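Below you'll find the structure, written out as structure tokens, and then a few comments.
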């Protein structure tokens, strides 16, 4: 499954992308944005594989925005102006969709993304930015011991500090590497940092994390 977002200042264009994406089984359209800066911020906090990006937008163009993205992010330009095509391919975009584009053309572009993703070596992320009450804080996964959920908030227990963010476990799980596992409906732990496994708990860095029967088999 490829995680994607769409950035376009035209609401109708976003609706078309949402409609097309819903029919492509290997595309998960996580969010859409009519503001380029908001889309860039989302990509910083919750990175996706693919961005459907309009070029001619107010405040910041798609071309300028693309320059701020990680090189690994795949970009498909969506625009009504054919004269941007050459510039788009100079920037090494994955594909160029000229509005209005049918589902068949959209699907072809998405298949390119899937094929390219399959060729990329899989690598676990090393860190992520987490939104706190007043800032964006980098979380290095190697230093993250465990996460504890309480309603719509999650406490991330680091080696030297706690970080609290407004987020659900479902949202958090999308950001964490595969070596973070559930031990309880309210706890996820860094499997690489477990010091001792007991019948009903695990020990890590002086902390004791409960293990429920439904999650015991994953240890």
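The values are calculated or read from the model by the stated rules, or taken from the named source; none is laboratory data. Being a predicted model, the structure only gives us computed values, none of them experimental. Neighbour counts are summed over all protein chains in view; Cβ atoms, including those assigned to glycine, are modelled from backbone coordinates with ideal geometry.
Brief remarks on what is shown
- Qualifying residue in the stretch 4-12 (condition: within 11 Å of the chain's Cα centre (by Cα) and either assigned by TED's automatic domain parsing to the domain that holds residue 111 or crowded, with 20+ Cβ neighbours inside 10 Å (or both)): yes
- Members of the stretch 28-45 found to be out of contact with any strand residue (DSSP E or B) (no Cβ under 6 Å at 6 or more places or on another chain) and in a strand (DSSP E or B), listed by number: none
- Considering 48, 24, 75, 16, the condition of being surrounded by 17 or more Cβ atoms within 10 Å (Cβ to Cβ), assigned to a strand (DSSP E or B) and either in contact (Cβ under 8 Å) with a residue 24 or more places away in the chain or within 18 Å of the chain's Cα centre (by Cα) (or both) is satisfied by 75 alone.
This table checks each residue for (1) part of a loop (DSSP other than H, G, I, E, B); (2) buried (at least 18 other Cβ atoms within 10 Å of the Cβ); (3) at pLDDT 90 or above.
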{"position": "165", "(1), (2), (3)": "no, yes, yes"}
{"position": "170", "(1), (2), (3)": "no, no, no"}
{"position": "178", "(1), (2), (3)": "yes, no, no"}
{"position": "183", "(1), (2), (3)": "no, yes, yes"}
{"position": "188", "(1), (2), (3)": "no, yes, yes"}
{"position": "203", "(1), (2), (3)": "no, no, yes"}
{"position": "209", "(1), (2), (3)": "no, yes, yes"}
{"position": "215", "(1), (2), (3)": "no, no, no"}
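- Scope the stretch 55-72; condition closer than 15 Å to residue 92 by Cα and more than 14 Å from the chain's Cα centre (by Cα); matching residues: 55, 62, 63, 64, 65, 66, 67, 68, 71
- When the stretch 1-13 is filtered for residues that are over 19 Å from residue 104 (Cα atoms) and assigned to a helix (DSSP H, G or I), only 11 remains.
- Of all residues making up the stretch 108-137, the number that are within 15 Å of the chain's Cα centre (by Cα) and not in a loop (DSSP other than H, G, I, E, B): 6
- Every condition in (1) free of Cβ contacts under 8 Å to residues at least 60 places away in the same chain; (2) buried (at least 17 other Cβ atoms within 10 Å of the Cβ) holds for residue 128 except the one numbered (1).
- Those residues of the stretch 159-170 which are free of Cβ contacts under 8 Å to residues at least 40 places away in the same chain and out of contact with any strand residue (DSSP E or B) (no Cβ under 6 Å at 6 or more places or on another chain), in sequence order: 160, 161, 168, 170
- Residue list for the stretch 190-201, restricted to those being in a strand (DSSP E or B) and under 29 Å from the mean Cα position of the chain (by Cα): 190
- Filter pass, residue 194 being touching a strand residue (DSSP E or B) at 6+ places or on another chain (Cβ under 6 Å), over 17 Å from residue 215 (Cα atoms), outside the structural domain of residue 62 (by TED's automatic domain parsing) and surrounded by 14 or more Cβ atoms within 10 Å (Cβ to Cβ): no
- Residue match in the stretch 146-161 (condition: surrounded by 14 or more Cβ atoms within 10 Å (Cβ to Cβ) and in a helix (DSSP H, G or I)): no
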